[in-house]
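Single-structure report; data block below.
Taken together, the values in this text are just the output of simple stated rules run on the coordinates, not laboratory data. Quick caveat: nothing in here was measured; it's all calculated off a predicted structure. Cβ placement follows ideal geometry from the backbone for every residue including glycine, while neighbour counts extend to all protein chains displayed.
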Amino acid sequence: MRLPEDYEERSGITPTIISAVVAVTLFIGVILAVVLMMNEQKKPSPNQNIQAAVSATVQTQSNNKSQYPDTDELVTGSTLSPKDFDFWDMYPNQTPAPAATQMPEAKPEETQEPVETDPSKDGKHTLIKSANGKEEWVLISPYLPKHEYDFTKLVCQSNIMKYYEDGKQVSYVGTDISKYQDYVDFVKLKKAGIDFVMIRVGARGYGSGQIVIDEYFLDNIKRATDAGLEVGVYFFSQAITVEEAVEEANVVLENIKDYKVSYPVAFDMEHVDNDTARIDNLTKTDKTTITQAFLDTIRLAGYKTVIYGEKEWLIKEIDMSKLTGYDVWLAQTEDIPDYPYQFTMWQYSTNATLDGIAGYANLNISFIDYAEK
């Protein structure tokens, strides 16, 4: 580059100075180039790295050769047999995991029908026979007291039932009397083996509701007492209120007050065959309450009491769980009674023949002596 002629004069820089600067610059550039070349020579190339790694591996194998001899060297001259190399027995056999058992598909649960039991054999039911011929098995209540009679000890002699324990008679023979027996010879009854009589005092009309005294009552109770028979009485009730029941009881008390009544006063309420009666619309609770009102009135007067009824009446028509304080006079014309609960008297016949009664007579057995009770 040619400088202008007036350059020296203007800047004060001579050609000699410029040459020196250029020379120094070139020298520095040469030195930098030499340094870079030297650094490139010191840096290993990729091929050099690979060669170095291979050389190191070979050297390691050479060094290990002295520590781990070749297989040929181990086998040559060795006394070991092939069995010595059978080292697999050193490890226990692994028991293979059992294959997953496929569970059978769950079947829908089959609905089992309830097993029907025979109520006549399960000992938990008793059969009720209604007047219309209907039969029904009824569950025996576990809460009511049961009787403990052994009916194998019953002996029937000439239609008269007697009960024995240890060879001794422990029962008493009776009959029940009303106007329907007409005139009764109580002396002959006594000789025939009768111990007690149950005499009807009166009744309430099942339609009219009027109380009437049995037309034979006064004559029967006098002559029975004179004959030496134990006497009990009963009243046929058709009361539909507690007040009427108390009224009936007071009528009985008024008519027996002058006589010795050693056997119970019985409450007799029942449906009327082949006709409607004023008690037909009473509930079980009503009949139970009326029964209790009558008997409580009698008992408070100092007399013994008893509930008269057939098996159906005692189980279905009144609630005996409310009347357990009273004795029961069971009416069931069977050879053996099957009423399961406690009873003290049993009317077992309504068509017997007795010396002293012209027509059919009713027969009863008492399992306790009320005269001594």
Gain in span if fully extended, Ser120 to Lys257, counting 0.36 nm per residue against the direct Cα distance: 44.6 nm
Greater than 28 Å apart at Cα, pairs in Lys124/Lys287; Lys129/Lys257; Lys190/Lys284; Lys134/Lys190; Lys121/Lys311; Lys146/Lys287: Lys129/Lys257; Lys190/Lys284; Lys134/Lys190
Could you give the dipole magnitude of the stretch 288-368 about its Cα centre, charging the beta-carbon of Lys and Arg +1 and that of Asp and Glu -1, in debye to the nearest 20? 320 debye
Ranked output for segments 119-126, 333-340, 303-310 by mean other Cβ atoms within 10 Å, highest leading, reads 303-310, 333-340, 119-126
Given backbone amide H placed at 1.01 Å from N, residues whose amide H is under 5 Å from that of Val328, ignoring those fewer than 5 places away on the same chain, are Ile307, Thr344, Met345
Given all pairs of different Cα atoms, what value in angstroms does the Kirkwood hydrodynamic radius of the stretch 151-274 take? 15.9 Å
